[in-house]
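Trainee: Next up is a structure, given as structure tokens.
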Amino acid sequence: MLIDVEQEIAQWAPVQKYDEYFKNSKEIADNAKESDRYFITNKKYWATFWEDAKSLATSPSRMDKKDWAIAAAVVAGGVGLVAIDDDIQDWVRDNRNDTTQQIFDTVDTAFNPYLYAPALLASYLYSRQTGNTRLRRTSLMAIEMLTVAQIVNVPLKALAGRSRPKKGESTDFGGPTYSLGPSSFVSGHAIAAFGVAATFRKEYGMEKPWVPYVSFTLATLVGLQRIHEDQHWASDVFLGSAIGVAVGLLIYRNAEARPDWMILPDIKPGQYGLMVKHEFGADERIRLSE
């Protein structure tokens, strides 16, 4: 007995009700899109700036012994570098040549932190076109990091009032100042470069081992360029890099902890429904809603 396959398919209930199933699932999924805050048009994303700024400002109250030990080691390293900043800067000046100048001019042109925000915005727009959820979220987290990190950068510059290498000695801390431009402590370029590097390393480092090497190498070149050009002391760059990494990690961890769910249509033979999915970090985890 021959079976009319097309007729059998046409009589299959899910096929007969496909349009209804698809319409309902798509409508629910579109409404649930707001649960993913990492869209520039989502107000929840901009609210994240304030949430993470408060988290950063109050972070000392949540630090454990390990955190304090790490912070103490970083501060000690910075103080140690302050003691030899002049010697390091003299060595850099003595060994500066046309080749190093050409290298760091290229670094300043290609990887200037003032280009980070436009580049990350372009990365976000590309991710929207390609449907790359991870790149979209990571790009927006990095943009947020550039802003939130100023909570640390601006007060330090204002309170320290440290002279830049081309203007004075490493011990010239002029105290509180309203003019942040001449203030060397700390390096905002290092904060930006290492913060972005830490964000992308956290997201892609496990499955793409080359990402940390490339991102932190470029960040290091940015820091060295600031020393080479007499814009910052070595201690400015060291502490700026530590701050950038810390802020980047804080923003990433806060993002992981938020209940940002992706809700997608899940159409199966004889039924339709939703798949509740939480996708973040190098691991993709499927969780059941309560």
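Trainee: Which of the residues spanning the stretch 161-170 are surrounded by fewer than 19 Cβ atoms within 10 Å (Cβ to Cβ) and either among the small types (Gly, Ala, Ser) or within 16 Å of LEU239 (Cα to Cα) (or both)?
Mentor: GLY168
Trainee: Shifting gears a bit: Residues that are modelled with pLDDT of 90 or more and charged (D, E, K, R): does the stretch 18-27 have at least one?
Mentor: no
Yes or no, residue by residue, for (1) without any contact (Cβ under 8 Å) to a residue 40 or more places away in the chain; (2) over 21 Å from GLY188 (Cβ atoms); (3) touching a Cys at 6+ places or on another chain (Cβ under 6 Å); (4) assigned by TED's automatic domain parsing to the domain that holds GLU203:
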{"residue": "THR58", "(1), (2), (3), (4)": "yes, yes, no, yes"}
{"residue": "ASP64", "(1), (2), (3), (4)": "yes, yes, no, yes"}
{"residue": "ASP85", "(1), (2), (3), (4)": "no, no, no, yes"}
{"residue": "PHE111", "(1), (2), (3), (4)": "no, no, no, yes"}
{"residue": "LEU125", "(1), (2), (3), (4)": "yes, yes, no, yes"}
{"residue": "ILE143", "(1), (2), (3), (4)": "yes, no, no, yes"}
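Trainee: Right, here's the next one. What pairs can you find where one residue is in the stretch 175-194 and loosely packed, with under 13 Cβ neighbours inside 10 Å, the other is at pLDDT below 90 and assigned to a loop (DSSP other than H, G, I, E, B), and their Cβ atoms are less than 8 Å apart, with a gap of 6+ or different chains?
Mentor: GLY175/GLY161; PRO176/GLY161
Trainee: List every residue pair whose Cβ atoms lie under 9 Å apart, where the two residues are 6 or more positions apart in sequence or sit on different chains, the first residue falls within the stretch 148-173 and is at positive phi, and the second residue, located anywhere, is surrounded by fewer than 15 Cβ atoms within 10 Å (Cβ to Cβ) and hydroxyl-bearing (Ser, Thr, Tyr).
Mentor: Listed pairs, sorted by first residue: GLY161/SER179.
Trainee: For ASP85, indicate whether it is in contact with a Phe, Trp or Tyr (Cβ under 8 Å, 6 or more places away or on another chain), among the charged types (D, E, K, R) and surrounded by 11 or more Cβ atoms within 10 Å (Cβ to Cβ).
Mentor: yes
Trainee: Testing MET145 on (1) surrounded by 15 or more Cβ atoms within 10 Å (Cβ to Cβ); (2) at pLDDT below 95, one condition comes back false. Which one is that?
Mentor: Failed condition: (2).
Trainee: Checking the condition modelled with pLDDT under 95, surrounded by 14 or more Cβ atoms within 10 Å (Cβ to Cβ), aliphatic (A, V, I, L, M) and assigned by TED's automatic domain parsing to the domain that holds PHE173, which residue from VAL107, VAL79 passes?
Mentor: Answer to the selection: VAL107.
Trainee: Further, regarding this structure: Taking the stretch 110-122 on its own, how many of its residues are more than 18 Å from TRP46 (Cα to Cα) and crowded, with 17+ Cβ neighbours inside 10 Å?
Mentor: Number of matching residues: 3.
The values are calculated or read from the model by the stated rules, or taken from the named source; none is laboratory data. What you see is a predicted model; the values in this text were computed from it and never measured. When we count neighbours, we look across all protein chains shown, and the Cβ atoms used for this are built from the backbone with ideal geometry, even at glycine.
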